[in-house]
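The values are calculated or read from the model by the stated rules, or taken from the named source; none is laboratory data. What you see is a predicted model, and the numbers here were worked out from it, not measured in a lab. Methodologically, a virtual Cβ is constructed for each residue, glycine included, from the backbone with ideal geometry; neighbour enumeration extends over all protein chains shown. Ligands, DNA and RNA are stripped out before the accessible areas are found, and what is left, the full protein with its side chains, is counted by its heavy atoms. Shrake-Rupley method; radii C 1.70, N 1.55, O 1.52, S 1.80 Å.
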Amino acid sequence: MPVGNSGPDAASRAAVRLLMHQLPGLSPVEAGASLEPFASSDPPILRSAQIVEGSVLRVVKVAGVSRETTSGFGAFLDGAQKVQVIGHYLGTPLVIGTVSAAVRIRMNRPLIT
């Protein structure tokens, strides 16, 4: 049975082909149903926030900080994940996950990977 674009990339499609060979009763899911809680097409929701300090939203001066203070920020970790149902075997969903991450560090102002 040919497999279409069942995953986000060629490696995912190869995984489905391997599973189909190893599990003859596998039923592939052509669209690769996402298990992410929110779709990117969901509209943003604007909600009011509860004020936890004082009774109005205002600027708060932080002691010991001025415009001349430099940030101690040096690097950050960012990443993404995607989880998809790629098929079913004997009623059990088969799930494939793709993750990626990068550390960005500040060198003379610009961030580099």
Worksheet, complete the sentence: Within the stretch 55-93, the count of residues that are assigned to a loop (DSSP other than H, G, I, E, B), touching a residue at least 12 places away in the same chain (Cβ under 8 Å) and open to solvent by less than 70 Å² (accessible area, probe 1.4 Å) comes to 1
Worksheet item: Out of the residues in the stretch 102-111 that are open to solvent by 80 Å² or more (accessible area, probe 1.4 Å) and among the aliphatic types (A, V, I, L, M), which is farthest from GLY25 (Cα to Cα)?
Response: MET107
Item to complete: Evaluate the stretch 36-51: report whether one residue or more is over 23 Å from ALA80 (Cα atoms), part of a loop (DSSP other than H, G, I, E, B), open to solvent by 100 Å² or more (accessible area, probe 1.4 Å) and modelled with pLDDT under 85.
Response: no
